[in-house]
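Reviewing the structure listed below.
Since every read-out is calculated from the coordinates, none of them should be taken as a lab result. Source: prediction; values computed, not measured. We place every Cβ from the backbone using ideal geometry, glycine too, and count neighbours over all the protein chains shown.
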Amino acid sequence: MADSSTIDPLSDGTQQQQQQAPSSSSSKQNNGTNNYLIQVSDALPSHHEIQKFLTASNCGAISTFTGITRDNFAGKKVTSLSYEGYTPMAVKELTNLCCDAQMKYPNVARMVAVHILGDCPVGEASVVVGSSSPHRREAI
């Protein structure tokens, strides 16, 4: 972990204290305080599982985004998408994104970043991101 006096810019140029991201080679990762749900696998957690993870007694807001496969791209018909990836690197990058967001928005209590690997037919979810916080502004 970096010295608490070390200040590094985030990807958007914001100056924040540097925190070491946890590393993992598994497809599921919770940070040391269990505030992140990171998953890259052939199936997404259910909406109920995501909501349950994001729920915290000190939070009054949960915000989620779900990416769905649509039936067209650049004027062409789409029937499905197929995702490939190196899971350990994907987990690491999603964890880094959550760490950056946590530094920029310290009132956010919990975060979810989950993505599927494999085929995703039209109308099915391929990615879900979410957060919870005491108030809606921070969660959104």
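In region 39-140, the alpha-carbon atoms span a convex hull of 111 Å³ per residue. Sparse packing (at most 15 other Cβ atoms within 10 Å of the Cβ) combined with a DSSP loop state is found for the following trypsin sites (Lys or Arg not before Pro) in region 61-128: R70.
The distance between label points at A125 and S63 comes to 1.7 nm (points 7 Å beyond Cα on the Cα→Cβ vector).
Note that region 58-117 carries a Kirkwood radius of 14.4 Å, evaluated over its alpha carbons pair by pair. At an R0 of 22 angstrom, the distance between the Cβ atoms of K104 and H48 translates into a FRET efficiency of 0.15. Relative to the current alpha-carbon distance between T55 and Y86, full extension at 0.36 nm per residue lengthens the span by 8.2 nm. Loop-located chymotrypsin sites (Phe, Trp or Tyr not before Pro) in region 34-99 (DSSP state other than H, G, I, E, B) with a sparse environment of at most 13 neighbouring Cβ atoms within 10 Å: Y86.
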